[in-house]
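Working notes, beginning with the structure itself.
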Amino acid sequence: MTTTDRYALRPDKMKPSPDVKVEELWEKILSNAWEEAGKEPRMAPMLEEIVLSRSSLDKAIAARLAQRLACPYFTMAEWEELFSHVSEQQPELLVSMVADCNAVVQRDPASHCPLTPLLFFKGFHALCAYRYAHALWEQGEQLPALMLQSVSSEVFGIDIHPAARLGCGIMLDHGTGIVIGETAIVENNVSMLHEVTLGGTGKEFCDRHPVVRSGVMIGAGAKILGRVEIGEGAKIAASSVVLDNVSPHTTVAGVPAVAVGSAGEDEPALSMHQSIR
């Protein structure tokens, strides 16, 4: 990196916007759920269990995540209890999850309402699991955090180390095969497609994973390796292998990746345009 790692973490680029409205999203989800339950009676039991019987959005997210992660070692009820404990300790987690859900609705044309990612999108589910795991990690509860990471990786096919630092408004489109390493930093409003890797290049215990600044879009299959910095508003073309720093608002492509032009917009992550010229 061109700067030392003590400057890598920018807290102001990791926090949710004050515009994030938790209750507004919850009201939309409830409305969607009632509408769908009336149109499709076969879905009514699921909608009742996950949404309509819940008193708040954090409880609905915890219920759906717990349902998907239930295993011989942790039942659905035990996961829900753990998530509730974490939420009580860090209520700001819900605001980050709402920002992530909004990112899906705004950027993914396959998501027609916020109920859809809550119920079905594993990219959103994996991010929620990461947020609980990261909170546990920060509280010194590393074994439960790693347990949550392990089960989440098996279920969703997305592996995010609980020590990684992710901002909010993140979208993992499709999500399958995404890997984010232990010392990675990802700022707000970043979009990644499937099979993206934010990986290391050796076995050192130092900061060894990428730093991805805000507004970046990373195309499907891209591999970003080592402690390199992807500048604000950059665009990484699909299947590229990035081994060096990427300047802000620049598009890179190839193996190894080289600059091929401007990103063409301030925050490519928001528009999701895949062109590289």
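Structure summary
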| quantity | calculated |
| --- | --- |
| Residues that are under 18 Å from K122 (Cβ atoms) and touching a residue at least 12 places away in the same chain (Cβ under 8 Å), drawn from segment 52-73 | A60, I61, A62, A63, R64, L65, A66, Q67, R68, L69, C71 |
| From G215, G264, G202, G221, residue being crowded, with 20+ Cβ neighbours inside 10 Å, part of a loop (DSSP other than H, G, I, E, B) and either touching an Asp or Glu at 6+ places or on another chain (Cβ under 7 Å) or of a type outside the set (S, T, N, Q) (or both) | G215 |
| I236 vs. criteria at pLDDT below 95, of a type outside the set (S, T, Y) and surrounded by 15 or more Cβ atoms within 10 Å (Cβ to Cβ) | no |
| Residue in segment 168-182 that is over 16 Å from F121 (Cα atoms) and touching a residue at least 60 places away in the same chain (Cβ under 8 Å) present | yes |
| Number of the condition not met by C206 [criteria: (1) in the same structural domain as H249 (by TED's automatic domain parsing); (2) under 26 Å from H249 (Cβ atoms)] | (2) |
| Residue match in segment 73-94 (condition: under 24 Å from L172 (Cα atoms), assigned to a helix (DSSP H, G or I) and touching a Lys or Arg at 6+ places or on another chain (Cβ under 6 Å)) | yes |
| Hits in segment 63-87 - residues which are among the hydrophobic types (A, V, I, L, M, F, W, C) and within 19 Å of S153 (Cβ to Cβ) | L65, A66, L69, A70, C71, F74, M76, W79, L82, F83, V86 |
| Residue tally, condition hydroxyl-bearing (S, T, Y) and in a strand (DSSP E or B), over segment 236-261 | 2 |
| T201 being touching a Leu at 6+ places or on another chain (Cβ under 8 Å) and among the polar types (S, T, N, Q) | yes |
| Residue satisfying all of: in segment 238-274; in contact (Cβ under 8 Å) with a residue 60 or more places away in the chain and in contact with a helix residue (DSSP H, G or I) (Cβ under 7 Å, 6 or more places away or on another chain); nearest to P109 (Cα to Cα) among these | M272 |
| Tally, over segment 49-62, of residues that are surrounded by fewer than 20 Cβ atoms within 10 Å (Cβ to Cβ), over 14 Å from V95 (Cα atoms) and not hydroxyl-bearing (S, T, Y) | 2 |
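For every residue, the table says whether it meets (1) surrounded by 18 or more Cβ atoms within 10 Å (Cβ to Cβ); (2) within 12 Å of the chain's Cα centre (by Cα); (3) over 17 Å from A63 (Cα atoms); (4) of a type in the set (S, T, Y).
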residue	(1), (2), (3), (4)
L119	yes, no, no, no
K122	yes, yes, no, no
A126	yes, yes, no, no
Y130	yes, yes, no, yes
G140	no, no, yes, no
L146	no, no, yes, no
L166	yes, yes, yes, no
I170	yes, yes, yes, no
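The values are calculated or read from the model by the stated rules, or taken from the named source; none is laboratory data. The model shown is predicted, which means the values in this text are computed figures rather than measured ones. No Cβ is skipped: glycine too gets one built from the backbone with ideal geometry, and neighbour counts run over all protein chains shown.
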